[in-house]
Amino acid sequence: MTIVAPSLLAANFLNLGSECKMINDSVADWLHLDVMDGRFVPNISFGLPVVAQLRKASNKAFDVHLMIEEPERYAEDFKKAGADHLIVHFEACRHLHRNIQQIKALEMKAGVAINPHTPVELLEDILADVDQVLIMSVNPGFGGQHFIDHTYQKIRDLKKMIHDRGLNVLIEIDGGITLENAAAILHAGANVLVAGNTVFGSPNPKDTISRLKNS
């Protein structure tokens, strides 16, 4: 089953209530929320107060992607704000296993994200402990970028690692996903499509979400 997680970063921030209603009324599975601190990535997005308010308006699972330094300082607060899944970056965590255990102890799904330059093989020792792996298919920090083609091989390699270990770990892809490349991404082994501009820039976002889900 394909999971579609529209990325709120591409939404109209003047009309977040109506954007949430559109997602509620769509076949989207999750709402992807990119939290940026201006340190780990060269951009600032939104934080805890916005997530907490969105929780009141959304009936979808919140897939919160922390593109921040020291994510352990905020894990409990994001749980309180309404996060269902919490994703931390391999590159930002000095003690990644401890970070993952913290998230699980807070009864959230735990995910690890990797940047385009990070090999999937570095996840070998943490793979059995996570629920999902997010592969960045663009450089993190900004929407509207083009999909990095090498991601296809990373997906295939990660899928083999998961299969060989008999694990149940979702592969999530974030960045540059379009109606044209979604099927190839899924064919390579991905389970979750994070789409921002493709959804919110569409003249018919709900139809676009449905087309992604049926890719």
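What ³J(HN,Hα) values, in whole Hz, does the Karplus curve 6.51 cos²θ - 1.76 cosθ + 1.60 give for the stretch 191-201 when θ = phi - 60°, with x put for Gly and Pro?
10, 10, 10, 9, 10, x, 4, 4, 7, 6, x
Quick one: give the max-minus-min coordinate of the C-alpha atoms of the chain along each principal axis, largest first, in Å.
Answer, in whole Å and largest first: 42, 37, 30 Å.
Just going by the charge dipole of the stretch 1-144, with Lys and Arg at +1 and Asp and Glu at -1 on Cβ, which of 16, 87, 44 is farthest out on the positive end?
16
Starting from the Cα of residue 80, step 7 Å along the direction of its Cβ; do the same at residue 164; then give the gap between the two resulting points in nm.
A separation of 4.3 nm, rounded to one decimal place.
In 5 Å bins starting at 0, how do the alpha-carbon pair distances of the stretch 1-121 split up by percent?
Per 5 Å bin, starting at 0, the Cα pair percentages come out as 2, 11, 22, 24, 20, 14, 6, 2, 0.
Rounded to whole Å and ordered largest first, report the semi-axes of the equivalent ellipsoid of the stretch 4-70 derived from its Cα gyration tensor (root of 5λ).
The three semi-axes for the stretch 4-70 are 21, 12, 10 Å.
So how many Lys-Lys pairs in the stretch 95-215 land under 22 Å Cα to Cα, not counting same-chain pairs under 8 apart?
Value for the stretch 95-215: 5.
If you place +1 on the Cβ of every Lys and Arg, -1 on the Cβ of every Asp and Glu, and leave all else neutral, what size is the dipole of the chain about its Cα centre, to the nearest 20 Debye?
420
Summing +1 for each Lys or Arg and -1 for each Asp or Glu, what net charge is found among the other residues whose Cβ lies under 13 Å from the Cβ of residue 10?
The answer is -3.
Toward the positive end of the charge dipole of the stretch 3-213, about the Cα centre and with charges on Cβ (Lys, Arg +1; Asp, Glu -1), which of 103, 196, 71 goes farthest?
196
Compute the relative contact order of the chain as a whole-number percentage, counting only Cα pairs closer than 8 Å that sit 6 or more residues apart in sequence.
23
On average, how much area does the Cα convex hull of the stretch 1-41 cover when viewed from any direction, in nm²?
3.7
Straight distance only, please: which aspartates and glutamates reach the Cα of residue 60 with their own Cα at less than 16 Å, same-chain residues fewer than 8 apart left out?
19, 25, 29, 34, 84
Please give the calculated 222 nm ellipticity per residue for the chain, where each DSSP H segment of at least 4 residues contributes -39500 (n - 2.57) and the sum is spread over every residue; nearest 500 deg cm²/dmol?
Dividing the helical sum by the residues of the chain leaves -9000 deg cm²/dmol.
So what's the gap between the Cα centers of the stretch 147-215 and the stretch 102-123, to the nearest angstrom?
Answer, in whole Å: 17.
Laboratory data are not the source of any read-out in this text; all were calculated from the coordinates shown. This structure is a prediction, so every number in the text was calculated from the model and none was measured. As a convention, Cβ positions derive from the backbone with ideal geometry for all residues, glycine included, and neighbour counts pool all protein chains shown.
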